[in-house]
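Right, one structure below, let's go through it.
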Amino acid sequence: MNNILLILQREFWTRVKSKSFLLTTFLAPIGIVVFYAALFFIMSRGSDNVKNLAVIDNAGIVDQSETKRNNLTLSYDYSDLETAKEAYLAEKIDGIIELPPISTDVTNYDIVFHSDEQLAIDETSTIERLYSKKVRNFKIQTLGIDQSQLDLIDTDLNVSPKTIKETAKDISSLTSTVSSVLGGIVGFLLFMMVMIYGSQVMRSVSEEKINRIVEVLISSIKPFQLMMGKILGVGSVGLLQVLIWAVLMIVISIVGTSILGISAMDFGGDTAAITEAMTQEGIKLDENVVGVMKELSSINWAMIVPLYIFYFLVGYLTYSALFAAVGSAMGDDIQDAQALTMVATLPMIIAFYIAIAAVTAPHSTMAVWSSILPFFGPVVMPVRLAVDPPMWQIVASVLSSIVTVIALTWLAGRIYRIGILMYGKKASFKELGKWIFYNG
Amino acid sequence: MAVLSLDNVVKQYSNHRAVDGVTFDVEEGSIFGLLGPNGAGKTSLIRIITTITAADEGTVMINGEPLNSRHPSQIGYLPEERGLYKKMEVGDQLLFLAQLKGLEKRDAKKKIDFWFERFEITDWWTKKVQELSKGMQQKIQFISTVVHEPKLLILDEPFSGLDPINTNLIKDEIYRLNQEGTSIIFSTHRMEQVEEVCEDIVLINQGRVVLNGKVNDIKETYKENIFRIGYKGSKPSLSSNKYSVISQSNDDITIQMTAEMGSNELLNDLIRQGVDIDSYNEIKPTINEIFIKKVGETNE
């Protein structure tokens, strides 16, 4: 045990003290924030040179008091196209918007823009947005439709779940969305963490083998202790890094909200779209926010959080043991190494895709069974946890994960102790199988 | 008393027997040569002794006790293929390796300091291994092998890659440790070093012991009654069925005698002929010659 601790400490401190740890831990999140801030800045900048446009209204739908929209200034001083064109040639205006005559049976209405310069995309859409409402109002008035009747035509549809048994948990239409999104985020994080740190274990194992220090080490301690110390050491680094990121995330979001007036949560999505949706459907969004908050608070966190941590640990241990075994079988031949790495990552990738499918269909046969199966369980089950899977499935999944971890660590240990001493020989899978049954 | 005792040790790999019934003892306080050509089974044997692998059959005893998990802390092992963490600082690295051998941190630090002073490298503590030359790295590797004061030291080609100055430095340390009671197993295929350093040897080929004993006894056993006589003046004319001339020049002659003939008999013959004798030596075989002969025999 003492030896495992020694190895763990070495793995932990050499990593934590290294420049690359500091870089990835502190600069990566800042880098991401700066990237999104830059993106946000770029996307929020439209065309900013003012364009003077003349409007020739042959349809009779414009509101002449409207003289500015975004970077476009609109003038109504020209009575016909010809005088406007003369003004254009005299460089008094930058272009002419010609609205052709309109009737109620027009379903395709072409606005003509006269100019030798092209409109920018955002300018085009400004013009389209400006006149589409005008055309709509024109049609409503001409056809004599009552605005209040018109409002009655549009209906928002919702499927609202309602429980039958009184004992069942109260659910709302938001329950499944909130749960799946939460599950999806957790599943993705788990996948990323296991991939990043599992492959670090693999690299560390093969490094020790290639620089030959492993022979000195295992003349002092058992290979299994070395492997476990390494897996736990790298895992601790992972946990520390995640912890630091979580704290940074909170700090950045607080700072972001107070200084910039934008929340860190918005960085993930299309900020412009969210802001627009908010202003247009202000009340409804508020309702949704309240709903989401309500759903989040109704989730059984006391059970789910420990299970998330459990699956994170079990998932990491399972895959890092696999990575350790693979690392031990590697030589310095990069092509061999790639083929072997593929074998270790394949189950993880399949599990990840099943997890994605489980976000939308958490109760499908595939989702249920793969959340219990070895290798897949630790990735798929966390996705399903928020949608309240039956207790027996959780218990089966936990048990199978534990059995898998123990069996795989044992197996990996068997391969590892032989693999790290094998040089210059290509390790076929048949060979790996034989190593398991060798007598030490 | 034997510090290490192997009895009928067997190690079987899937398609070949790397160690095939090996038996020998290493006396406490001796410098013992473990010899053999490449692929003879030396490394397999060392790995069994250092508990890296286990024997399939036979027993390995250290100080009369069957090999167990307490023993690695009493053994120091310098593998032929040297290896250190390249990016780790020298001091931290030695501290780590010493702690793995069961030393307390404070104790380990004291012992490392002792070696740093001994090798006059006190300013190396914070250097990274990759900043050191190969010879410097070898010194660090040597310290890591002996820092926990092992009772049994196993050195696999300890002088490979060392310049003559460092070779002597390490050689002196090996002698000193041996003087202080450390038993040393010295594995090599450089025979001139074996003759210089070792008292006892075992020669292994194809997983089996082909020769075992004291260096002087073995040389005695494998001597072939060859004498070289240096002389002045006219060539002696030697014609007897009791000996044959191997080579002759203007001032010396090499003669092989039959086993029943004593060396004085040849001397008498020469004196009777009035040969002016300069020197008279028995030519004993070198370990190298015995090695090549025995390996050749077992390979046939």
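The values are calculated or read from the model by the stated rules, or taken from the named source; none is laboratory data. What you are looking at is a predicted structure, and each value in this text was computed from that prediction instead of being measured. Positions of Cβ are backbone-derived with ideal geometry, glycine not excepted, and every protein chain shown enters the neighbour counts. SASA here: full protein model, heavy atoms, side chains in, ligands and nucleic acids out. Shrake-Rupley method; radii C 1.70, N 1.55, O 1.52, S 1.80 Å.
Brief remarks on what is shown
For every residue, the table says whether it meets (1) at pLDDT 85 or above; (2) open to solvent by 40 Å² or more (accessible area, probe 1.4 Å); (3) touching a Ser or Thr at 6+ places or on another chain (Cβ under 8 Å); (4) in the same structural domain as A:Leu217 (by TED's automatic domain parsing).
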position	(1), (2), (3), (4)
A:Trp392	yes, yes, no, yes
A:Ser397	yes, no, yes, yes
A:Ser401	yes, no, yes, yes
A:Leu411	yes, yes, no, yes
A:Ile420	no, no, yes, yes
A:Gly424	no, yes, no, yes
A:Ala427	no, no, no, yes
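- Enumeration of residues in the range B:22-66 that are open to solvent by less than 30 Å² (accessible area, probe 1.4 Å), among the hydrophobic types (A, V, I, L, M, F, W, C) and away from chain A (no Cβ under 14 Å): B:Val22, B:Phe24, B:Val26, B:Ile31, B:Phe32, B:Leu34, B:Leu35, B:Ala40
- Output for the range B:232-281, where each listed residue is of a type in the set (A, V, I, L, M, F, W, C) and not in a helix (DSSP H, G or I): B:Leu238, B:Val245, B:Ile246, B:Ile253, B:Ile255, B:Met257, B:Ala259, B:Met261, B:Val275, B:Ile277
- Residues located in the range B:67-78, provided they are more than 9 Å from chain A (Cβ to nearest Cβ), open to solvent by 10 Å² or more (accessible area, probe 1.4 Å) and at pLDDT below 90: B:Leu67, B:Asn68, B:Arg70
- Of all residues in the range A:78-110 being among the β-branched types (Val, Ile, Thr) and under 49 Å from the mean Cα position of the chain (by Cα), the one that is farthest from A:Arg136 (Cα to Cα): A:Ile93
- Qualifying positions in the range A:370-397 - over 28 Å from A:Leu340 (Cβ atoms) and either free of Cβ contacts under 8 Å to residues at least 24 places away in the same chain or over 26 Å from the mean Cα position of the chain (by Cα) (or both): A:Pro390, A:Met391, A:Trp392, A:Gln393, A:Val395, A:Ala396
- In the range A:6-16, of all residues being open to solvent by 40 Å² or more (accessible area, probe 1.4 Å) and facing chain B (nearest Cβ under 10 Å), the one that is nearest to A:Ala246 (Cα to Cα) corresponds to A:Trp13.
- Residue ID - nearest to the other protein chains (Cβ to nearest Cβ), chosen from residues in the range B:79-94 that are farther than 17 Å from B:Ser44 by Cβ, open to solvent by less than 50 Å² (accessible area, probe 1.4 Å) and in contact with a strand residue (DSSP E or B) (Cβ under 8 Å, 6 or more places away or on another chain): B:Met88
- From A:Ser79, A:Ser47, A:Ser65, A:Ser75, residue being among the small types (Gly, Ala, Ser) and touching a Leu at 6+ places or on another chain (Cβ under 8 Å): A:Ser75
- Lone qualifier among B:Lys235, B:Lys242, B:Lys284, B:Lys294 - being open to solvent by less than 80 Å² (accessible area, probe 1.4 Å) and of a type in the set (Lys, Arg): B:Lys294
- Which numbered condition B:Met1 misses (of (1) open to solvent by 50 Å² or more (accessible area, probe 1.4 Å); (2) among the aliphatic types (A, V, I, L, M); (3) modelled with pLDDT of 85 or more): (3)
- B:Lys109 free of Cβ contacts under 8 Å to residues at least 60 places away in the same chain, out of contact with any strand residue (DSSP E or B) (no Cβ under 8 Å at 6 or more places or on another chain) and farther than 21 Å from B:Ile49 by Cβ: yes
- Some residue of the range B:128-149 being in contact (Cβ under 8 Å) with a residue 40 or more places away in the chain, within 12 Å of chain A (Cβ to nearest Cβ), surrounded by fewer than 19 Cβ atoms within 10 Å (Cβ to Cβ) and part of a loop (DSSP other than H, G, I, E, B): no
- Listed here are the helices (runs of 4 or more DSSP H) enclosed by the range A:188-296 that have at least 2 residues being modelled with pLDDT of 85 or more: A:213-217, A:223-255.
- Matching residues, the range A:182-234, being within 32 Å of the chain's Cα centre (by Cα), within 14 Å of chain B (Cβ to nearest Cβ) and polar (S, T, N, Q): A:Ser204, A:Ser206
- For the range A:17-51, residues that are surrounded by 11 or more Cβ atoms within 10 Å (Cβ to Cβ) and under 21 Å from the mean Cα position of the chain (by Cα) total 17.
- For B:Ile170, the requirement of being touching a strand residue (DSSP E or B) at 6+ places or on another chain (Cβ under 6 Å) and either assigned to a helix (DSSP H, G or I) or among the aliphatic types (A, V, I, L, M) (or both) is not met.
- Any hit, the range B:101-118, residues being modelled with pLDDT of 90 or more, more than 30 Å from the chain's Cα centre (by Cα), assigned to a loop (DSSP other than H, G, I, E, B) and more than 9 Å from chain A (Cβ to nearest Cβ): yes
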